[in-house]
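Before any comments, here is the structure.
Just so you know, all these numbers are worked out from the coordinates, no wet-lab data involved. In this text the structure is predicted, and so the values were computed from the model without any measurement. Here the Cβ positions follow ideal geometry from the backbone for every residue, glycine too, while neighbour counts run over all protein chains shown.
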Amino acid sequence: MREVKSYVEQIDLWQINNFQSIISSVESESGIASNLFSVLIQSCEFDKLKITELQICTMNIKTLVWVVILTIQCPLLITCFGPVSGLVAGFAGLGSIIYTGFQGLRCKIFVCCDKSQISLNIVGLRQNLSQYLHGQHLVEKAVIGHIKGHLQSVDPPKALVLSFHGLTGVGKNFVSRLIADNIYKDGLHSPFVHLISATKEFPHEGMVPFYKDTLKKWIEGNVTKCERSMFIFDEVDKLPSLLLDVIKPYLDHYLQLGGVSYRKAIFIFLSNAGGTEIGRLALEHKQSGKKREDLHLSDIEGSVMVSAINADNHNGLWHSQLISNHLITSFIPFLPLEKEHVRSCIRDDIVKKYPWHFYDQHVVPEDYVDEVLQELKFYPPAEQFFSVTGCKRVSEKVDYVMIDKNIRTSIGRKEL
């Protein structure tokens, strides 16, 4: 008994390296206590390396250790609580202590699917999109509206499914990261955010049956752990034909499937499909002398959907049931970027890399921006309205141009 009590005063989570030794020590006192401690230590997957980063309320640990002591001293509890009323109160109190202590401790040691980890910062999302997403007025309005509506609904009718379409470098991945950053505490690093690369995870056309089974189990497992899970599918246009149809049930209006609700989950598809059509419509719009901001989502969304379902490579959303059953909440087009938008990307990158010299975009010398811009290509050949690679190559071109400016970066310059 003395050994177990010592845990109350001496237990230090920062120094626990071998959980099994704790369990073994307690086993010498009581099998019941051992089982309780095993539940505490082994009930979830535990990252021992992470323990050094934790700030744990030691009262929760002490509470649970006292529960262990109580089970050793009073296996039947009757001798401790005496009368029936005391027994009832004892059971109620003990249950409350165990539940409160265990849940509190569990959510401090492990990452729980609760408001401490998942909470929509709609103001932050709106500010990020407005400040750092350039030239995509259609995206900003659509994303804010759909994300806000879905996250603020206590019981959404179905999972939120957003399909981002556009050419390279127009901001599809960037926006998905901003969404994750403003919903999940750890952004893309959250255990509840899952990024899937089509070319990495599903490279072989001949393995589609295996991929379907794997994808199905993977989504079921993750949503079972957290109903507010987010799934980001990158390079959807390169997915094997009809693979996505396997997730149709999870995007539909079912209350539950196998006892699990998928209606609070978020699915984001990133695709180049439809990018050429979006570029064509944007070019016609500009050549007609109209303002870019006069383009509305309703002017383009239908064309994007048709382009996706009739993809030339017969991959991704080609003839997908997700489209024919109207399960995609919104097709969101990313317009090709004009020179003024690329210039903003260049300024952002310079400020990010050289904050001691340029505290915001307005103080970045225009000749620096011009030099970087000259390294990029634009189309069509005559007018050169739009960037061929959007802002994708801006960062590397900034490095190339600024290397001769003799300016120290935010992380210093290493000798080659």
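Do any of Lys200/Lys264; Lys200/Lys248; Lys185/Lys238; Lys353/Lys392 go past 25 Å between their Cα atoms, and which? Display every interim value, and only then the final one.
Working: Lys200/Lys264 27 Å; Lys200/Lys248 22 Å; Lys185/Lys238 30 Å; Lys353/Lys392 16 Å.
As for pairs spanning more than 25 Å Cα to Cα, those are Lys200/Lys264; Lys185/Lys238.
Quick one: of the DSSP bridges fully inside region 122-333, what percent are antiparallel, nearest 5? Intermediate results must be reported in sequence, preceding the final value.
Details: 1 of 20 bridges.
Close to 5 percent.
Given 0.36 nm per residue, what is the gain on full extension from His296 to Ser261 after removing their alpha carbon distance, in nm?
On the way: separation 35, 0.36 × 35 = 12.60 nm, distance 3.40 nm.
My answer for the length gained is 9.2 nm.
Asn325: net charge of surrounding residues, Cβ under 10 Å, Lys/Arg +1, Asp/Glu -1, itself excluded?
Working: positive: Lys248; negative: Asp245, Asp252.
Result for the neighbourhood of Asn325: -1.
Going highest first, how would you order 114-123, 328-337, 389-398, 184-193 by mean Cβ packing within 10 Å? Each step should come with its number before you reach the end.
Values: 114-123: 13.5, 328-337: 24.6, 389-398: 20.4, 184-193: 17.5.
Packing proxy ranking, top to bottom: 328-337, 389-398, 184-193, 114-123.
Within region 128-181, report the trypsin sites (Lys or Arg not before Pro) that DSSP leaves as loop and that have at most 10 other Cβ atoms within 10 Å.
Numbers: sites: Lys141, Lys148, Lys158, Lys172, Arg177; in loops: Lys158.
Loop-located and lightly packed - none at all.
By per-residue mean of other Cβ atoms within 10 Å, what is the highest-first order of 236-245, 367-376? Intermediate values should be presented prior to the final figure.
Numbers: 236-245: 20.5, 367-376: 16.3.
Top of the packing list down: 236-245, 367-376.
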